[in-house]
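Step one of this worksheet: look at the structure below.
The values are calculated or read from the model by the stated rules, or taken from the named source; none is laboratory data. Predicted model only: the values in this text are computed from it and were never measured. For neighbour counting, all protein chains shown are included, and Cβ atoms are generated from backbone atoms with ideal geometry for every residue, glycine included. Quick note on the areas: whole protein, heavy atoms, side chains included, nothing else; ligands and nucleic acids left out. Shrake-Rupley method; radii C 1.70, N 1.55, O 1.52, S 1.80 Å.
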There are 2 protein chains.
Amino acid sequence: MAEPVKPLRVAVLGCGSVGSQVVRLLAKSATDIEARIGAPVELAGVAVRRIDAPREVDVPAALLTTDAYGLVTRPDVDIVIEVIGGIEPARGLILAALARGASVVTANKALLAEDGPALFQAADEAGADLYFEAAVAGAIPILRPLRESLAGDVVTKVLGIVNGTTNFILDKMDTQGAGYAETLAQAQELGYAEADPTADVEGFDAAAKAAILASLAFHTRVSAGDVYREGIAEVTAADVKSAREMDSVLKLLAICELRPQPGGEDAVSVRVHPAMIPRSHPLAAVHGAFNAVFVEAESAGQLMFYGPGAGGAPTASAILGDLVTVARNRLTGTQGPGESAYADRELLPMGETVTRYHVSIDVDDKAGVLAAVAAAFAEHDVSIQTVRQEGRGADAQLVVVSHAATDAQLSATVAHLREMSIVHDVNSVMRVEGVEE
Amino acid sequence: MAEPVKPLRVAVLGCGSVGSQVVRLLAKSATDIEARIGAPVELAGVAVRRIDAPREVDVPAALLTTDAYGLVTRPDVDIVIEVIGGIEPARGLILAALARGASVVTANKALLAEDGPALFQAADEAGADLYFEAAVAGAIPILRPLRESLAGDVVTKVLGIVNGTTNFILDKMDTQGAGYAETLAQAQELGYAEADPTADVEGFDAAAKAAILASLAFHTRVSAGDVYREGIAEVTAADVKSAREMDSVLKLLAICELRPQPGGEDAVSVRVHPAMIPRSHPLAAVHGAFNAVFVEAESAGQLMFYGPGAGGAPTASAILGDLVTVARNRLTGTQGPGESAYADRELLPMGETVTRYHVSIDVDDKAGVLAAVAAAFAEHDVSIQTVRQEGRGADAQLVVVSHAATDAQLSATVAHLREMSIVHDVNSVMRVEGVEE
């Protein structure tokens, strides 16, 4: 190559905690990035809401603009990095960029989980790339391994701790024995939870990530609305204590599972809920706000990917990794793998999902109670793995762990228990994961 | 695309435990692989040493050949999968395949660590791909994350448990308190160690993998011969016990590190040796024959990749993942990232590597001993972090943990201690990793 290589021009949409780290790293690592791509990368512009807002990085005034649409449709922009988040205007901007033929790198889990197929189609039609490693589990390389490293294998299960806020809260509840409200307040004080924590604690954030993970793992379209979702707001100190007594720990898990169906083809279950996992499981050792994704594949066996799930610099690292790939693809005139939805598997409703339950029941302390409770499980065809009787008199309690059954059978069993006169209260119901069925 | 897509033709070299799994999975997953690549993949032939040897998979007789060279130079072969291992004939066959323009997927760590640059150059000249995810840590996707996901970041350290045999042995020594020879015999009986365990226990296998990891992490050529290497044969039950008393555990680590140098540019240290790590470190929880690679990067922070490090099916999974990528590249007429050695960093000799030591010393039980030992450390400019006095009389012992110093300073200190009359024996010297310096 005798001629100097033309620089690739990058537009950044958003300059908050992630965007400012992207801008900083683009400048700081310019030499390395050029060596790794084979061409220099230039910042073409940064779209912001307010030119004069305080930000963590110095951006030359000439590069700042409030006209995001104008920026992404400029003919000299090769690659657009979208770190605004949310549905609009992010969607319109990404579609406009792709329509013009620019490639896009985004961290926008909500948008991908709501409208991924439309974005992939736009990228495909334009012959451009759409990369999004940063959308799930921050800096942890998990999407590329699923999309590429495991492309010759059959992924059967993904269990992810993909929300740092809820992991921080559940981990503190476990180590401090404190209640939910108190621990949430502590997390808010320390900056691990937002003033309005809904997106995290109700599982919306994890559900969007579960949809993305399931789509890639099972080559099937899954959107956030397809994901069964329970948050951690109902988790009590008693639940955490019960888990501890079973040598287990409670985690908010994003669970994506391939399930054989009676009729033939495997179906897909995607759900987010708190679950008990044994302390010996690799995910149990994921503390604080860290994230981890545990993957089971037919040939590869059990893999785990662990690291920081959020934060400006880690997220920017994932974005720049995508940027290098997308830039190389542009230089060679190719595209990376697009949407892969060929398997088009059926999505199982939660009721048909197969799980195990751990149930604590306050009962009358008299003969025949265990038999009556066992009969209630049997009536709904739920087989019991263990039952433990605890306390005496007013504190009498039965702790039942079921074998695998459908979620519908199990919830019917719990409803039935609540109707029984010998049952004072069903005080804890938890799903169990990470054990053989 | 109106015309049917021409199948990609794959030759497999070797049909042992990995090769037979590759052949099996190519057949079993043919439909999925075709959907993921966009073209069918056909087995063109399997090169074996003996046509009639018993093998784990049925290969049509017409596809078996003892003429490996003839197979890789056939004009209809698009991709060659090399799972023979060792230097020759693997090197000659790979070079012949690349020279013809075929892309190559290999699991051959020894060859890559000895002669990687020549192979990369051959691939580059031919416009073909050379992929090798399976060469390090079996099914764990670690090379692709290093080559691609972290391509926008600065990797500063890689700590890997990359040899299952030695991890199995050290883990058993830790949990059973048994000695090395006894545990090795047990590992051999269970099939975790070979009859001649040299390649594993002396660290040759880990050193080859360390060279590959360091090359990718630091964009610098590192060959197996550049790697400082100590195996586990000298590890005693007393070492394991000392580690346990420090709430630590001994692991054979592949350590790849970027070290700032007084003069300016960072240099690279690559070494394999047993090291004490705190039990709270994520690598400490890697048990049995599992592998894990812990990565520190400037922006991403601390990441860990965990999974099975060996075995026919896991290794075949990694190979097929590469196959899908290489096949897609052939269809689009492009190549994945080739060798990246632009940084060309200096390699530090072991003596200049900065480490910490944990030293147990049998000493006279009399006043002034601690002062004399401390003076020996000071004489070599090694600062002491903690010193603990244990036992009385004939059992008197000092346990010293140093601050970071060069390996040369530390080994001079130990030699000095051995000369001192008040020192009966230096009975355990271990390097310490996974802690702040």
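Of all the listed residues (A:Leu43, A:Leu8, A:Leu13), the sole one being open to solvent by less than 20 Å² (accessible area, probe 1.4 Å), closer than 18 Å to A:Gly312 by Cβ and hydrophobic (A, V, I, L, M, F, W, C) is A:Leu13.
So that you can scan it fast, the table gives a plain yes or no per residue for (1) closer than 24 Å to A:Asp247 by Cα; (2) at pLDDT 95 or above; (3) in the same structural domain as A:Glu230 (by TED's automatic domain parsing):
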site	(1), (2), (3)
A:Ala367	no, no, no
A:Ala371	no, no, no
A:Val382	yes, yes, no
A:Thr386	yes, no, no
A:Glu390	yes, no, no
A:Ala396	yes, no, no
A:Ala408	no, yes, no
A:Ala412	no, yes, no
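When B:Pro4, B:Pro60, B:Pro54, B:Pro40 are screened for being more than 12 Å from chain A (Cβ to nearest Cβ) and either under 16 Å from B:Gly321 (Cβ atoms) or at pLDDT 95 or above (or both), only B:Pro40 passes. You will find that of A:Leu8, A:Leu43, the residue that is in contact (Cβ under 8 Å) with a residue 60 or more places away in the chain, of a type outside the set (Ser, Thr, Tyr) and farther than 21 Å from B:Val155 by Cα is A:Leu8 and no other. Exactly one residue out of A:Ala137, A:Ala122, A:Ala126, A:Ala97 is crowded, with 24+ Cβ neighbours inside 10 Å and away from chain B (no Cβ under 13 Å): that is A:Ala97. Of the strands (runs of 3 or more DSSP E) lying entirely inside region A:344-411, those carrying at least 2 residues that are in contact with a helix residue (DSSP H, G or I) (Cβ under 6 Å, 6 or more places away or on another chain) and open to solvent by less than 10 Å² (accessible area, probe 1.4 Å) are A:354-363. Taking the condition open to solvent by less than 40 Å² (accessible area, probe 1.4 Å) and outside any helix (DSSP H, G or I), does A:Ala193 pass? So A:Ala193 fits the description; yes. Scanning region A:315-332 for residues that are open to solvent by 10 Å² or more (accessible area, probe 1.4 Å) and not polar (S, T, N, Q), we see that the one that is nearest to A:Leu143 (Cα to Cα) is A:Arg328.
Please verify whether B:Ala181 is in contact with a Phe, Trp or Tyr (Cβ under 8 Å, 6 or more places away or on another chain), open to solvent by 20 Å² or more (accessible area, probe 1.4 Å), hydrophobic (A, V, I, L, M, F, W, C) and more than 14 Å from chain A (Cβ to nearest Cβ), treating the condition exactly as stated.
No, not satisfied.
Among the conditions (1) assigned to a loop (DSSP other than H, G, I, E, B); (2) out of contact with any strand residue (DSSP E or B) (no Cβ under 9 Å at 6 or more places or on another chain); (3) in contact (Cβ under 8 Å) with a residue 60 or more places away in the chain; (4) within 8 Å of chain B (Cβ to nearest Cβ), the only one that A:Gln335 does not satisfy is (2). Can you find a residue in region B:232-241 that is out of contact with any strand residue (DSSP E or B) (no Cβ under 7 Å at 6 or more places or on another chain), more than 23 Å from A:Gly301 (Cβ to Cβ) and of a type in the set (A, V, I, L, M)? Yes, the conditions are met somewhere in region B:232-241.
Selection over region A:84-95 of residues that are outside any loop (DSSP other than H, G, I, E, B) and of a type outside the set (Lys, Arg) gives a count of 5. Look at A:Asp67 and say whether it is out of contact with any Ser or Thr (no Cβ under 8 Å at 6 or more places or on another chain) and either within 14 Å of another protein chain (Cβ to nearest Cβ) or without any contact (Cβ under 8 Å) to a residue 24 or more places away in the chain (or both). Answer is yes for this residue.
Looking across A:Ala367, A:Ala343, one residue alone is farther than 20 Å from A:Asp381 by Cα, more than 10 Å from every other protein chain (Cβ to nearest Cβ) and not charged (D, E, K, R). It is A:Ala367. It is to be established whether one or more residues within region B:225-241 are closer than 15 Å to B:Gly160 by Cα, open to solvent by less than 10 Å² (accessible area, probe 1.4 Å) and small (Gly, Ala, Ser). No - not one qualifying residue is present in region B:225-241.
Per the listing B:Thr65, B:Thr31, B:Thr73, the residue uniquely under 19 Å from B:Ile319 (Cβ atoms) and either exposed (fewer than 14 other Cβ atoms within 10 Å of the Cβ) or among the hydroxyl-bearing types (Ser, Thr, Tyr) (or both) is B:Thr31.
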